[in-house]
Amino acid sequence: MKVAVKSIDNKKVGDLDLSDDVFGLEVRADVLHRMVNWQLAKRRSGNHKTKDISEVSGTGKKPYKQKGTGRSRTASLRSTRHVGGAVMFGPVVRSHATDLPKNFRKLALRTALSSKQAEGKLVVLDATTSKSHKTKDMAKALKTLGFSSALIIDETPDQNFCRAVSNIPLIDVLPQKGINVYDILRRDTLVLTKDAVAQLEARLK
């Protein structure tokens, strides 16, 4: 399939053929859902923790004798029945990451790229270079292109360009190696450079 290649000034500078194997797949919500869940679970810190009875500060002495007091039996003031005591079966530090086959992850990325192409929200730029690092100038250029919420992918992002868009809300810039399904779906428009398209097709075919 052919798409127009635009410059940063919103001028057409040519056409580019996109591979149907990467940008023309059937959009499957189940694949995207499973991939996003995998990404979000993997990045959870998992550092939530409660103290068990061996970690609670306090004495190990039996508070009172076992029988004859008229009260319930108590072995320790650090038990779960007392204020400030242990928590039974509480959360512990752990990893929430799960396994997901590499081929499935590639399929999910191809599906996400195809979904943007199917929605007409895939834009190809000639290059993302900027002479100025001023946010004001770049905001005008992006407004001309019609980008209000976009993920911009380049093989090697230009330093001036990255600095210029860093303060613009809902505009993200990633290198081609860092492209992922979650970031593609959380922004309205996906912007790829010609170099990024070539590298993605080489990776995902």
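The values are calculated or read from the model by the stated rules, or taken from the named source; none is laboratory data. Nothing here was measured: the structure is a model prediction, and the numbers come from that model. Methodologically, a virtual Cβ is constructed for each residue, glycine included, from the backbone with ideal geometry; neighbour enumeration extends over all protein chains shown.
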## Note on the structure
Among helices (runs of 4 or more DSSP H) entirely inside segment 117-205, those with 1 or more residues being out of contact with any Leu (no Cβ under 9 Å at 6 or more places or on another chain) are 135-145, 159-165, 194-204
### Summary
Out of (1) out of contact with any Gly (no Cβ under 8 Å at 6 or more places or on another chain); (2) not in a strand (DSSP E or B), the one SER114 does not meet is (1)
## Note on the structure
In segment 128-137, residues that are buried (at least 16 other Cβ atoms within 10 Å of the Cβ) and more than 24 Å from LEU185 (Cβ to Cβ) total 2
### Query
Going through segment 4-45 one residue at a time, which ones are touching a helix residue (DSSP H, G or I) at 6+ places or on another chain (Cβ under 8 Å) and either of a type in the set (S, T, N, Q) or part of a strand (DSSP E or B) (or both)?
VAL5, LYS6, ASN10, LEU16, SER19, GLN39
### Message
Among the residues of segment 48-65, are any surrounded by 14 or more Cβ atoms within 10 Å (Cβ to Cβ), outside any loop (DSSP other than H, G, I, E, B), of a type in the set (A, V, I, L, M, F, W, C) and modelled with pLDDT of 90 or more?
### Response
no
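If I go through segment 155-205 residue by residue, how many of them are of a type in the set (D, E, K, R) and in contact with a helix residue (DSSP H, G or I) (Cβ under 7 Å, 6 or more places away or on another chain)?
4
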### Task
Can you tell me which residue among ARG105, ARG78, ARG110 is farther than 30 Å from VAL36 by Cβ, in contact (Cβ under 8 Å) with a residue 12 or more places away in the chain and either surrounded by 11 or more Cβ atoms within 10 Å (Cβ to Cβ) or among the polar types (S, T, N, Q) (or both)?
ARG78
## Note on the structure
Within segment 141-165, restricting to residues that are small (Gly, Ala, Ser) and modelled with pLDDT of 90 or more, the one that is farthest from THR128 (Cα to Cα) is SER149
### Message
Pairs needed: first member in segment 184-205, under 17 Å from ARG105 (Cβ atoms); second member anywhere, among the basic types (Lys, Arg) and crowded, with 17+ Cβ neighbours inside 10 Å; C-beta distance under 6 Å; at least 6 residues apart or different chains.
### Response
LEU204/ARG110
### Message
Regarding segment 75-85, can at least one residue be identified that is under 30 Å from VAL181 (Cβ atoms) and in contact with a His (Cβ under 9 Å, 6 or more places away or on another chain)?
### Response
no
### Task
Kindly check whether there is at least one residue in segment 24-35 that is touching a residue at least 40 places away in the same chain (Cβ under 8 Å) and surrounded by fewer than 13 Cβ atoms within 10 Å (Cβ to Cβ).
yes
### Message
With the structure loaded, tell me whether LEU100 is within 30 Å of GLN159 (Cβ to Cβ), touching a residue at least 12 places away in the same chain (Cβ under 8 Å) and of a type in the set (A, V, I, L, M, F, W, C) or whether it fails that test.
### Response
no
### Query
From the list LEU185, LEU151, LEU170, LEU200, which one is under 15 Å from the mean Cα position of the chain (by Cα) and crowded, with 19+ Cβ neighbours inside 10 Å?
LEU151
